[in-house]
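Each remark here refers to the structure printed beneath this line.
The values are calculated or read from the model by the stated rules, or taken from the named source; none is laboratory data. All values derive from a computational prediction rather than experimental measurement. Methodologically, a virtual Cβ is constructed for each residue, glycine included, from the backbone with ideal geometry; neighbour enumeration extends over all protein chains shown. Keep in mind that these areas ignore ligands, DNA and RNA; they rest on the heavy atoms of the full protein, side chains included. Shrake-Rupley method; radii C 1.70, N 1.55, O 1.52, S 1.80 Å.
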Amino acid sequence: LDARETRHGGSRDPIRLARTVIGNTLKLPDTVLPSLRNHIFYLVHNLLFTTHRSRRYSDQEGCAFCGAEKEDYRHLFVDCEVASKARDIVRHRHSALKAAKAVATLEYATEADYRLENPSQTREGIRALACFSLAVWRTRYYFLGTGPIPTATQGAEMVASQYVWTFSNWRKYVRRNR
């Protein structure tokens, strides 16, 4: 974290930031789905290969969903029109999951919230953010393929359905080592 803060010109105390990230990670139960646990690790450590990070390895430029100039974490999870439409769909359908606070967390989340850098996050908020970012990340691959590219509305529907499934089934009965 110290190297990341130095590299990006951050002014935050790396020790306090590390404690916050670790504390938020420990709020999660021991039985999180392995794919979700791995995704959280990639988010926290800035390892997801967005087109902005992979520009030297790939010819694709811009957001896979909407074609915006820069696809980074902030755009992909917060600003992209597909993610925004997906949050609206989730907000309207989420009453079945009985987690209105989790949906509210999605509405006002920042990039730092997705990286677990906000010290005031709740367990339900972390769960919602992790499930939503994983749903966006999984759906992104449909837009990167060689077949017909779905529309933004179809992409939002895919993100919303993936989110609802992940949010409902986020635990697996395999205990991890701490």
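Tell me the label-point distance for the pair Glu107, Trp165, using the 7 Å Cα-to-Cβ offset, in nm and rounded to one decimal.
Label at Glu107, label at Trp165, 2.7 nm between them.
Limiting things to C-alpha atoms, what are the Rg and the maximum Cα-Cα separation (Dmax) for segment 60-139, in angstroms?
Over segment 60-139's Cα set, Rg and Dmax evaluate to 12.6, 39 Å.
Would you rank Ile40, Ile22 by solvent-accessible area, highest first, keeping every protein chain in place and using a 1.4 Å probe?
Working: Ile40 15, Ile22 100 Å².
The ordering from most to least exposed comes out as Ile22, Ile40.
Using a Förster distance of 25 Å, how high is the FRET efficiency between His45 and Arg91, based on the Cβ-Cβ distance and rounded to 0.05? Intermediate results must be reported in sequence, preceding the final value.
On the way: r = 30 Å, r/R0 = 1.18.
That gives a FRET efficiency of 0.25.
Given points 7 Å out from each Cα along the Cα-Cβ axis, report the Arg19 to Ala68 separation in nanometres with one decimal.
Computed distance between label sites Arg19 and Ala68 equals 3.4 nm.
Just grab the label-to-label distance for Glu81 and Thr151, each label 7 Å out from Cα along the Cβ direction, in nm (one decimal).
1.2
In terms of modelled amide H atoms, which long-range or inter-chain residues lie less than 5 Å from the amide H of Val32?
Under 5 Å from the amide H of Val32: Lys172.
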